[in-house]
Amino acid sequence: MEPFVTPAAVDTKLRVEHVNIVFDRDGKSTPVLNDISLEVGDGEFVCLLGPSGCGKSTLLSTMAGFLSPTSGEIKIDGEAVRGPDPRRIFVFQERGVFPWLTVEGNIGFGLFKLPRAERERRIAYYVKMVGLEGFERTYPPELSGGMKQRLEVARALAVNPDMLFLDEPFGALDSITRLIMRGELLRIWEAERKTVIFVTHDIDEAVQLADRVVVMSARPATIQQIVNIDIPHPRDISSPRYLELRDGIFKQIGLAHKL
Amino acid sequence: MKQAGFAAGDKVHTYKYLAICGKDYLRYTSALLNRPSLTNIKILDANRPSVLNLFVWLRPVAFIGVLLSVWQIAISRHTVHLLPTPVEVVGGIADLVQHGLLLKYVVASLFRVTWGYVLAVVLAVPLGLAIGWSRRVEMAFNPVIQILRPISPLAWIPIAILWFGVGDLAAVFLIFLGCFLPLLLTAINAVQSIPAVYIDVGRNFGLRRVDLVYRVLYPAVVPQLIVGLRITLGIAWLVVVAAEMIAVNSGLGFLIIDARNAGNRYDLVVAGMVLIGIIGLLLDLGIRSLERVKSFRWSYSED
Ligand SMILES: Nc1ncnc2c1ncn2[C@@H]1O[C@H](COP(=O)(O)OP(=O)(O)O)[C@@H](O)[C@H]1O
Ligand SMILES: [Mg+2]
């Protein structure tokens, strides 16, 4: 088991510096992100947690280079982010797989610069890693939601990025599949040690997965608190420490523990 | 291997797709038109027992037989000749074959349709994709398209004759006009309804503009384009008949109008109509086979 790494012990991968985002639409301006500053270490698993509509996806898209901040700056490896980049892949909630390509075709989508043999080797490797053997020639409409989600993760991993952005990747799955997928994501993360930024509105999910949980307020989002989850994997979700951390976040968000 | 949650997730997707379809009349009709083709694909599936296929074919054939018999009996019991009987129509077709006209007229009509249609496809599809890609260009083009759209291609007949005289060129021009706008609109709508996430994924993996068009935009629009191509081919076949009645002196449309003018040969008139119907059906079957290509089929495959 890997020991827990504190962000201080590793290099900074991502630096978000005083980012503000204001959307202008129909003459109405909506501030969505309010002075967000954050540092993420190399190989760290960070969850962005907040209520729906608070601006999590907006922050993640900005980190990935799909949006520019209204003010402030985002730096990765010390360089300002200017646009999307194959070194950092954004994983959309299973909607991002291309329905006109087979499982193989999807996983190989980003490998167009590689020679054929190497491409095929990588495709086979990642098909196996996400457990899609036997479905290589299958088209996504014939796959289940969980399989499509794994396919999208495999396509992202295949280009060997050093960061993954995951926007509520398991939100559309049933609760059993979701639990399985969390386990698989952790297994992959432990094997490949990518820096992962994972957006969720599910407190349990955040505490089960992350090294650190960034708790965001309602819109315009500010960072309320950053919680270190100092429990090694695999995590016992009935241990006192787990419950203590989870309940602490519940309180922070202002939710009573009882319904 | 299907897991729970699969059905629910995909239903949502289907509804979303249909909601997009509903935005536009053309695509809405095509979505409706797609239902029978879906069942066709299913039933004619190679791994079904062939006896079943036989029954599927037998039923419409038997029904057509019944209709023809009723037609034959009803007409032969009347003294007034409202319509030629099926037997007379077959005689008419035999007549055409004897005079070497059948093949000549069919080829003439198909020749015009091919030129008008192919020209329209080659021009309208790339133009439509380009217009759909840019919101500003679309805004500039849209009013013109909307004004031209309700004008029947037949209203252009006098102008077509003025420009091209009586002949093939006028007919080809009319077919081109009839196909161009529907194809243009299909292509525009197809591009605009591409989910933004596909484009984002393409950019994320570092695709340059050309690759983005070729590897994302093009495959994403193909299913909708096929529907448009199919509807438009039907339009082309409608327009050629009308154009041939006025602007040329060969082809199936000409056959119909000429058979009447030159001696009330109604057996030939109906023979022409039957041929138009059969060839139209064959054209549709031909273009429908595109829908069966696996990588094109994704937007129909969630039923
Ligand atoms: N392109 C946009 N234009 C205007 N408003 C937007 C845009 N994108 C998102 N928003 C608004 O920003 C807010 C945050 O959205 P989002 O980041 O998707 O929230 P979350 O992912 O936390 O649920 C929402 O209120 C949404 O309506
Ligand atoms: Mg979101």
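One residue alone among B:VAL210, B:VAL216, B:VAL269, B:VAL166 is over 27 Å from B:PRO143 (Cα atoms), of a type in the set (A, V, I, L, M, F, W, C), within 14 Å of another protein chain (Cβ to nearest Cβ) and surrounded by fewer than 21 Cβ atoms within 10 Å (Cβ to Cβ), and that residue is B:VAL210. For the stretch A:88-107, the criterion of being in a strand (DSSP E or B), within 30 Å of A:ILE203 (Cβ to Cβ), within 16 Å of ligand 2 (Cβ to nearest atom) and of a type outside the set (A, V, I, L, M, F, W, C) is met by none of the residues.
Taken together, the residues in the stretch A:34-65 that are closer than 17 Å to A:ILE226 by Cα and within 13 Å of ligand 2 (Cβ to nearest atom) amount to 9.
Could you identify the single residue in B:ILE188, B:ILE145, B:ILE159, B:ILE175 that is touching a Leu at 6+ places or on another chain (Cβ under 9 Å), in a helix (DSSP H, G or I) and free of Cβ contacts under 8 Å to residues at least 60 places away in the same chain?
Working: B:ILE188 fails: free of Cβ contacts under 8 Å to residues at least 60 places away in the same chain; B:ILE159 fails: touching a Leu at 6+ places or on another chain (Cβ under 9 Å); B:ILE175 fails: free of Cβ contacts under 8 Å to residues at least 60 places away in the same chain.
Every option except B:ILE145 fails the conditions.
Looking only at the stretch A:212-228, count every residue that is buried (at least 22 other Cβ atoms within 10 Å of the Cβ) and either without any contact (Cβ under 8 Å) to a residue 12 or more places away in the chain or not in a strand (DSSP E or B) (or both) and tell me the total. Residues flagged as buried (at least 22 other Cβ atoms within 10 Å of the Cβ) and either without any contact (Cβ under 8 Å) to a residue 12 or more places away in the chain or not in a strand (DSSP E or B) (or both) within the stretch A:212-228 amount to 0.
Results for (1) farther than 30 Å from A:ARG246 by Cβ; (2) surrounded by fewer than 21 Cβ atoms within 10 Å (Cβ to Cβ); (3) within 17 Å of the chain's Cα centre (by Cα); (4) touching a residue at least 24 places away in the same chain (Cβ under 8 Å), shown as yes or no for each residue.
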site	(1), (2), (3), (4)
A:GLY50	no, no, yes, yes
A:THR70	yes, yes, no, yes
A:LYS75	yes, yes, no, yes
A:GLU79	yes, yes, no, no
A:LEU101	yes, yes, no, yes
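The residue list A:MET181, A:MET163 contains one member that is modelled with pLDDT under 85 and more than 8 Å from chain B (Cβ to nearest Cβ), which is A:MET181.
Using the structure shown, decide if B:ARG203 is in contact (Cβ under 8 Å) with a residue 40 or more places away in the chain, among the basic types (Lys, Arg) and either within 14 Å of chain A (Cβ to nearest Cβ) or in a helix (DSSP H, G or I) (or both). Break it down stepwise before answering.
Working: in contact (Cβ under 8 Å) with a residue 40 or more places away in the chain: no; among the basic types (Lys, Arg): yes; either within 14 Å of chain A (Cβ to nearest Cβ) or in a helix (DSSP H, G or I) (or both): yes.
It is false that B:ARG203 is in contact (Cβ under 8 Å) with a residue 40 or more places away in the chain, among the basic types (Lys, Arg) and either within 14 Å of chain A (Cβ to nearest Cβ) or in a helix (DSSP H, G or I) (or both).
Does A:GLY43 meet the test of being surrounded by 15 or more Cβ atoms within 10 Å (Cβ to Cβ) and assigned to a loop (DSSP other than H, G, I, E, B)? When the stated conditions are applied, A:GLY43 passes them.
Here's the yes/no breakdown for (1) in contact with a Leu (Cβ under 8 Å, 6 or more places away or on another chain); (2) at pLDDT 90 or above; (3) within 16 Å of ligand 2 (Cβ to nearest atom):
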{"site": "A:GLY171", "(1), (2), (3)": "no, no, yes"}
{"site": "A:ASP174", "(1), (2), (3)": "no, no, no"}
{"site": "A:LEU186", "(1), (2), (3)": "yes, yes, no"}
{"site": "A:ARG193", "(1), (2), (3)": "no, no, no"}
{"site": "A:THR200", "(1), (2), (3)": "yes, yes, yes"}
{"site": "A:GLN208", "(1), (2), (3)": "no, yes, no"}
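Residues being more than 9 Å from chain B (Cβ to nearest Cβ), out of contact with any Phe, Trp or Tyr (no Cβ under 7 Å at 6 or more places or on another chain) and not in a loop (DSSP other than H, G, I, E, B) are represented in the stretch A:60-71 by at least one member. The single condition among (1) without any contact (Cβ under 8 Å) to a residue 12 or more places away in the chain; (2) away from every other protein chain (no Cβ under 11 Å); (3) assigned to a loop (DSSP other than H, G, I, E, B); (4) exposed (fewer than 14 other Cβ atoms within 10 Å of the Cβ) that A:GLU118 does not satisfy is (3).
The values are calculated or read from the model by the stated rules, or taken from the named source; none is laboratory data. Since the structure is predicted, the reported quantities are computational estimates derived from the model, not experimental observations. Methodologically, a virtual Cβ is constructed for each residue, glycine included, from the backbone with ideal geometry; neighbour enumeration extends over all protein chains shown.
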